[in-house]
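The values are calculated or read from the model by the stated rules, or taken from the named source; none is laboratory data. Just so it is clear, the structure is predicted and the values come from calculations on it, not from any experiment. Cβ atoms come from the backbone with ideal geometry, glycine included; neighbour counts cover every protein chain shown.
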Ligand code: TH1
């Protein structure tokens with residue numbers, strides 16, 4: 001229907017992707033002079049970053065448009081990844097790499113007098129997530145694009161990402177992360193895509209002319225969802241997918257009444273409240289706090305996303321029953337579970353589909369990924385709060401529950417307790433909506449994120465549902481990480497070395513090709529190059545530590561790293577108690593013994609939830625120990641303790657390649673997977689860890705000689721906890737010495753640490769005392785083995801060679817094959 005003259009003009013003047021360096025430079029200068037309205041005389045690094053990223057962004061948009069057109073014409077099934085968190089980090093380096101224009105931009109800006117490294121540093125992290133769950137979503141969308149699946153991410157455009165952490169007097173201090181100050185070149189605002197979202201109000205039903213009962217939800221508050229699109233370029237492919245983030249805006253209408261009543265100011269104030277819905281990311285990891293604003297965020301995001309997805313489907317004029325053939329929706333944890341109810345509501349209330357047919361569509365559309373078994377992380381919403389905010393959804397949940405319980409009762413007529421156990425409604429005061437149960441009932445597949453975890457959910461928290469649905473509904477998809485960011489970008493030298501041996505960079509797309517370096521594990525020349533790169537990365541981290549913490553660390557020492565959210569179950573407290581034990585041992589050493597000891601730098605990093613007292617106390621203790629140990633002349637180079645403030649994705653890219661040992665020491669059965677464990681090993685660091693999460697599969701892949709495991713197994717945890725509760729379990733003697741040192745004031749005011757210590761001497765829920773001796777033994781082995789440089793480096797090489805399984809490309813292929821039933825679309 002487009003006239004051919006117009007078509008010809010579009011073809012003639014259509015924007016092309018720049019290919020060469022000069023074209024990039026031309027675009028760069030054009031953006032400096034027009035987009036930024038600056039000139040050669042006032043183009044600083046920030047302006048240069050902005051101009052370069054504008055040029056790269058334009059290129060991504062061209063690829064994005066092509067991809068979206070292709071996907072629309074192909075009209076095949078798409079996958080939508082719903083995640084309340086996308087912990088993206090910086091975009092520029094990744095965009096250059098994936099688009100294959102890193103070399104031309106690098107030398108392009110160099111000719112103009114800029115260093116690419118300095119420009120990259122200008123970009124703030126997009127820190128729209130807490131930790132592993134958010135970073136997993138970021139790795140997954142990178143892999144979905146890189147493996148050519150038609151897939152979109154849907155999330156919230158928080159104005160404030162995870163808070164910035166400073167350490168003041170040893171304590172964590174939070175400040176807001178307003179990351180949009182200089183605007184964000186990586187997003188495309190879609191002001192034309194506005195969706196009305198309703199909260200509160202009431203429901204009513206009536207019988208229409210056809211004698212059908214119709215439910216309506218009306219009279220509530222309206223806000224508007226506006227779309228911001230972030231292009232997600234695949235690596236080594238034209239495919240550029242979309243991450244659509246929603247921002248809340250006031251609707252234009254809703255303040256008219258007050259306006260007419262003359263109360264203009266208060267009507268504006270009211271409308272400003274709408275903006276707060278997407279303003280800030282909740283800073284809790286593995287913890288649920290039942291705040292109404294959080295439920296509002298969840299519904300706002302889910303309703304906008306589903307409206308969008310349904311609108312796209314309706315353009316194809318297919319019958320509703322084909323919806324699951326065109327659409328797969330993955331629920332990243334229970335945060336988007338309302339989507340199940342919202343789709344059912346759209347189908348029955350708006351589209352007139354019968355209940356059973358609608359429910360069939362819903363359950364065939366959704367898949368649910370569980371990421372934790374910790375009881376304090378499982379979402380439950382009080383029924384009164386829920387009913388008030390989303391009255392129609394509450395009604396639908398009651399219906400879903402009724403039909404489900406009727407089915408269960410029919411299947412197991414004699415099991416009286418079963419119904420109460422599996423009901424979506426928990427009979428507490430007040431009643432609670434159990435979101436995980438709703439997610440299971442509303443999905444066709446439920447998966448855990450590592451083998452042990454996927455077994456645990458079947459035998460513990462979701463046991464009854466295995467009885468009801470059978471085991472096939474429950475499966476495992478072990479997490480993965482993108483080798484683009486976590487090998488090539490973070491560790492370019494190692495990536496180059498591997499490429500020189502493998503013959504190409506194909507391993508970045510097919511990580512199993514790493515296997516080709518295994519025969520070189522004992523090659524002295526290769527070992528030398530390997531060691532040199534590790535040294536370089538350690539020096540890079542040492543320079544960062546010098547800059548941020550103000551002291552030097554010895555790059556020949558063993559770098560021992562634990563960076564992750566601070567949480568009792570992750571047991572940073574056990575690590576710092578171990579450090580204190582080491583310190584006391586060094587103090588007791590003779591000169592001769594000191595000569596034999598392995599020097600260590602113990603590096604910590606991670607944020608605590610702002611209201612998590614115990615985690616904050618752990619941070620304080622680490623900093624207190626650091627201060628004492630680092631200033632103790634008896635210790636010298638044998639021990640340094642570092643707390644790196646404000647751990648984030650960009651810092652991880654510096655820290656991960658620099659480790660000799662990293663610690664993943666959660667109480668067995670508590671860490672669902674962990675993903676930083678994979679990052680560290682992929683970069684040639686060995687793991688000191690418990691038999692938990694993905695550590696288990698890493699052990700299987702790299703071989704048990706190439707990992708240091710310790711501690712009780714998940715199967716004994718319950719018994720051990722029982723013993724602590726019902727009998728006197730003696731405290732580990734080495735731990736007692738550590739506590740004595742703390743209590744005698746060695747690390748400052750001991751009152752600060754009273755509750756931290758009594759959590760261990762008391763019920764010791766995380767089994768710190770039970771695992772302590774085993775932990776110290778494993779540490780001793782690490783010290784010994786690190787002295788044998790040849791064996792150490794060959795273990796490091798062998799481990800890396802066997803990490804292919806942990807590519808997120810593999811994880812995405814598994815989801816696509818066994819849950820989504822989507823196929824790649826080639827861009828050829
Ligand atoms: C994490 C898990 O703790 C971690 O083991 C896993 O590797 C990661 O998810 C990715 O699968 C989780 N993060 C959160 C965050 C919230 C709630 C639950 C979990 S589980 C807010």
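If you go through segment 145-182, how many residues are within 16 Å of the ligand (Cβ to nearest atom) and in contact with a helix residue (DSSP H, G or I) (Cβ under 9 Å, 6 or more places away or on another chain)?
5
Within segment 273-300, how many residues are within 16 Å of the ligand (Cβ to nearest atom), in a helix (DSSP H, G or I) and buried (at least 18 other Cβ atoms within 10 Å of the Cβ)?
So the answer is 3.
Could you give me the residue pairs with C-beta distances under 7 Å whose first residue belongs to segment 371-397 and is at positive phi, whose second residue is within 16 Å of the ligand (Cβ to nearest atom) wherever it lies, and which are 6+ apart or on separate chains?
none
Of the conditions (1) over 20 Å from residue 782 (Cβ atoms); (2) within 16 Å of the ligand (Cβ to nearest atom); (3) free of Cβ contacts under 8 Å to residues at least 24 places away in the same chain, residue 727 satisfies every one except a single condition; which number is it?
(2)
When you check residue 317 against the structure, is it assigned to a loop (DSSP other than H, G, I, E, B) and on the phi < 0 side of the Ramachandran plot, yes or no?
no
On the basis of being crowded, with 23+ Cβ neighbours inside 10 Å, in contact (Cβ under 8 Å) with a residue 24 or more places away in the chain, assigned by TED's automatic domain parsing to the domain that holds residue 643 and assigned to a strand (DSSP E or B), does residue 559 make the cut?
yes
Scanning for something without any contact (Cβ under 8 Å) to a residue 12 or more places away in the chain, surrounded by 14 or more Cβ atoms within 10 Å (Cβ to Cβ), under 27 Å from the mean Cα position of the chain (by Cα) and more than 16 Å from the ligand (Cβ to nearest atom), does segment 80-98 turn up at least one residue?
No; the residues of segment 80-98 include none that is without any contact (Cβ under 8 Å) to a residue 12 or more places away in the chain, surrounded by 14 or more Cβ atoms within 10 Å (Cβ to Cβ), under 27 Å from the mean Cα position of the chain (by Cα) and more than 16 Å from the ligand (Cβ to nearest atom).
Take residue 659 and tell me if it is outside the structural domain of residue 460 (by TED's automatic domain parsing), within 16 Å of the ligand (Cβ to nearest atom) and in contact with a helix residue (DSSP H, G or I) (Cβ under 6 Å, 6 or more places away or on another chain).
In short, no.
Which of the residues that make up segment 198-229 are on the phi > 0 side of the Ramachandran plot and out of contact with any helix residue (DSSP H, G or I) (no Cβ under 8 Å at 6 or more places or on another chain)?
Passing the criteria: 211, 219.
If residue 461 meets every condition in (1) in contact (Cβ under 8 Å) with a residue 12 or more places away in the chain; (2) away from the ligand (no atom under 16 Å from the Cβ); (3) surrounded by fewer than 21 Cβ atoms within 10 Å (Cβ to Cβ) apart from one, which number is that one?
So the condition that residue 461 fails would be (2).
So which residues in segment 361-377 are touching a helix residue (DSSP H, G or I) at 6+ places or on another chain (Cβ under 8 Å), surrounded by 18 or more Cβ atoms within 10 Å (Cβ to Cβ) and over 26 Å from residue 309 (Cα atoms)?
373
Restricting the first residue to segment 281-302 and requiring it to be in the same structural domain as residue 383 (by TED's automatic domain parsing) and closer than 18 Å to residue 129 by Cβ, which pairs with a second residue that is within 14 Å of the ligand (Cβ to nearest atom) and modelled with pLDDT under 95 meet a Cβ separation below 8 Å and a spacing of at least six or different chains?
282/289
Is there a residue in segment 691-698 that is closer than 21 Å to residue 783 by Cβ and in the same structural domain as residue 616 (by TED's automatic domain parsing)?
Yes.
Can you run down the residue pairs with Cβ atoms below 7 Å, 6 or more apart or on separate chains, where the first is in segment 114-138 and under 15 Å from residue 187 (Cα atoms) and the partner is within 8 Å of the ligand (Cβ to nearest atom)?
Taking only residues 6 or more apart or on different chains, the pairs are 128/85; 128/134.
Does any residue of segment 342-351 turn out to be closer than 30 Å to residue 570 by Cβ and in contact (Cβ under 8 Å) with a residue 60 or more places away in the chain?
No.
From 747, 786, grab the single residue that is closer than 30 Å to residue 528 by Cβ and in contact with a helix residue (DSSP H, G or I) (Cβ under 9 Å, 6 or more places away or on another chain).
That would be 786, the only listed residue that is closer than 30 Å to residue 528 by Cβ and in contact with a helix residue (DSSP H, G or I) (Cβ under 9 Å, 6 or more places away or on another chain).
Which one of these is surrounded by 20 or more Cβ atoms within 10 Å (Cβ to Cβ) and out of contact with any strand residue (DSSP E or B) (no Cβ under 6 Å at 6 or more places or on another chain): 594, 570?
570 is the lone residue from the list that is surrounded by 20 or more Cβ atoms within 10 Å (Cβ to Cβ) and out of contact with any strand residue (DSSP E or B) (no Cβ under 6 Å at 6 or more places or on another chain).
If you check residue 136 against the conditions, is it within 16 Å of the ligand (Cβ to nearest atom), at pLDDT 95 or above, touching a strand residue (DSSP E or B) at 6+ places or on another chain (Cβ under 7 Å) and within 25 Å of residue 651 (Cα to Cα)?
For residue 136, the condition - within 16 Å of the ligand (Cβ to nearest atom), at pLDDT 95 or above, touching a strand residue (DSSP E or B) at 6+ places or on another chain (Cβ under 7 Å) and within 25 Å of residue 651 (Cα to Cα) - is not met.
Hey, does segment 717-737 have a residue that's within 30 Å of the chain's Cα centre (by Cα) and in a loop (DSSP other than H, G, I, E, B)?
no
Cβ contacts < 9 Å: first residue without any contact (Cβ under 8 Å) to a residue 24 or more places away in the chain, restricted to segment 581-597; second residue surrounded by 10 or more Cβ atoms within 10 Å (Cβ to Cβ) and not in a helix (DSSP H, G or I), any location; separation 6+ or different chain. Result?
That search, which allows pairs on different chains as well, returns 585/597; 589/597; 589/634; 596/589.
Going by the conditions given, is residue 553 over 20 Å from residue 702 (Cβ atoms) and either in contact with a strand residue (DSSP E or B) (Cβ under 8 Å, 6 or more places away or on another chain) or touching a residue at least 60 places away in the same chain (Cβ under 8 Å) (or both)?
The answer is yes for residue 553.
Which residue pairs have Cβ atoms under 6 Å apart, sit 6 or more places apart or on different chains, and have a first residue in segment 776-794 that is over 17 Å from residue 703 (Cβ atoms) and a second that is modelled with pLDDT of 95 or more and outside any helix (DSSP H, G or I)?
Cβ pairs passing all conditions: 783/598; 786/558; 786/598.
Can you give me the number of residues within segment 665-680 that are more than 9 Å from the ligand (Cβ to nearest atom) and either out of contact with any strand residue (DSSP E or B) (no Cβ under 6 Å at 6 or more places or on another chain) or on the phi > 0 side of the Ramachandran plot (or both)?
2
Return yes or no: is residue 393 assigned by TED's automatic domain parsing to the domain that holds residue 199 and away from the ligand (no atom under 16 Å from the Cβ)?
yes
Hey, among 312, 345, 392, which residue is in a helix (DSSP H, G or I), out of contact with any helix residue (DSSP H, G or I) (no Cβ under 7 Å at 6 or more places or on another chain) and either surrounded by 21 or more Cβ atoms within 10 Å (Cβ to Cβ) or modelled with pLDDT of 95 or more (or both)?
That would be 312, the only listed residue that is in a helix (DSSP H, G or I), out of contact with any helix residue (DSSP H, G or I) (no Cβ under 7 Å at 6 or more places or on another chain) and either surrounded by 21 or more Cβ atoms within 10 Å (Cβ to Cβ) or modelled with pLDDT of 95 or more (or both).
What pairs come out if I take residues in segment 495-507 that are farther than 14 Å from residue 797 by Cβ and pair them with residues that are part of a loop (DSSP other than H, G, I, E, B) whose C-beta lies under 8 Å away, six or more apart or interchain?
495/505; 499/505
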